[in-house]
1. Over all directions, the average projected area of the alpha-carbon convex hull for region 10-57 comes to how many nm²?
2. Could you check how many percent of all C-alpha pairs in the chain are farther apart than 23 Å?
3. Just to compare against my own numbers: the Cα pair-distance distribution for region 1-82, 10 Å bins, whole % per bin, please.
4. Which distance in Å, rounded to a whole number, links the C-alpha centroids of region 132-172 and region 14-35?
5. Between residue 39 and residue 76, how high is the FRET efficiency from 1/(1 + (r/R0)^6) when r is the Cβ-Cβ distance and R₀ = 41 Å? Nearest 0.05.
6. Using a basic spin-label model with each label point 7 Å from the Cα along Cα→Cβ, how many nm lie between residue 54 and residue 7?
7. Please tell me the relative contact order of region 3-170 in percent, rounded to the nearest whole number, where contacts are Cα pairs under 8 Å and at least six residues apart.
8. What's the FRET efficiency of residue 112 with residue 67 using the Cβ-Cβ distance as r and R₀ = 25 Å, to the nearest 0.05?
């Protein structure tokens, strides 16, 4: 491996393509396969087998340093188009140089919880928005790494469309 991943240098959060205000950190969605335990004749024990291309409900959180207009705006019960664009540092051990790689997370999400936070003098309010994620795409260095769209039967990892045959079988 010639490029060793190191750290996130910086990122910006965008809503509908506009730079968001406020200082926040983001907890991106976990991707967990839906599964079922199989047991019985022909198997010595149990196996928890994932269902091809099906994932459990995804959620994400934006944590704000203080109450702000974005906290309120993102509380509206509509689907929000959110993009998180980052510059990630890598070490190229062939050239002996630090370099950057662009990473982008594209999310379509609807709010399910707003936390105004706490009030304490000279401290962060620890405010936040929690969302149900309806669509997720991760792009690394201009290439789609992961794309998940449950409503359209899309589950792509590193260019492989794992639900292509399922869509064909369903006549989609």
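Values in this text are rule-based calculations from the coordinates and carry no lab data. Since this is a predicted model, take the numbers as computed values, not measurements. No Cβ is skipped: glycine too gets one built from the backbone with ideal geometry, and neighbour counts run over all protein chains shown.
1. Mean orientational projected area (region 10-57, Cα hull): 6.0 nm².
2. Counting pairs separated by more than 23 Å, the tail of P(r) holds 54 percent.
3. All Cα pairs, binned at 10 Å, distribute as 13, 29, 22, 19, 12, 4 percent.
4. Between the Cα centre of region 132-172 and that of region 14-35, the gap is 18 Å.
5. The computed FRET efficiency comes out at 0.35.
6. According to this spin-label approximation, the distance is 4.2 nm.
7. Taking the mean separation of contacting Cα pairs over the length of region 3-170, I get 22 percent.
8. My answer for the efficiency is 0.85.
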